[in-house]
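Worksheet: the structure to be examined is printed underneath.
The values are calculated or read from the model by the stated rules, or taken from the named source; none is laboratory data. Remember, predicted model here, so these are calculated numbers, not experimental data. Note that we place each Cβ from the backbone using ideal geometry, even for glycine, and neighbour counts take in every protein chain shown.
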Amino acid sequence: HQPAASELKRTRYVPPEYPKDALKRGIGGEVRVRFTLDADGKVRSAEVVNSSPADVFDRAALDAVRRWRFKPPAVGNFNSEATVVTNIVFRPDDAKTP
């Protein structure tokens with residue numbers, strides 16, 4: 001059973017840093033990231049599954065995901081690893097400060 005991202009309790013969230021060039025050009029996008037949590041709830045590995053536009057937001061998404069922390073994933077009566085896929089959406093309007 002692979003838990004959905006919504007099933008895991010995130011204990012630390014680090015927002016992705018919007019790439020300055022993309023923000024300047026008003027580009028938005030989405031990155032689908034697959035990451036594996038270790039038994040302590042730390043992100044052990046992360047990879048981009050796909051992204052649109054390609055390669056624009058990949059590094060920002062991965063850098064952020066690697067710094068997230070979760071409550072340890074309980075499977076059955078013991079803690080173990082969990083692999084999760086989530087989408088990170090980048091919108092220029094969300095990144096601009098008033």
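A few points about this structure:
Residue-wise test of (1) crowded, with 16+ Cβ neighbours inside 10 Å; (2) in contact (Cβ under 8 Å) with a residue 24 or more places away in the chain; (3) over 12 Å from T86 (Cα atoms); (4) among the charged types (D, E, K, R).
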residue: E30; (1), (2), (3), (4): no, yes, no, yes
residue: T36; (1), (2), (3), (4): no, yes, no, no
residue: S52; (1), (2), (3), (4): no, no, yes, no
residue: A61; (1), (2), (3), (4): yes, yes, no, no
residue: F70; (1), (2), (3), (4): yes, yes, yes, no
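- Residue in the stretch 63-71 that is part of a strand (DSSP E or B) and either of a type outside the set (K, R) or modelled with pLDDT of 95 or more (or both) present: yes
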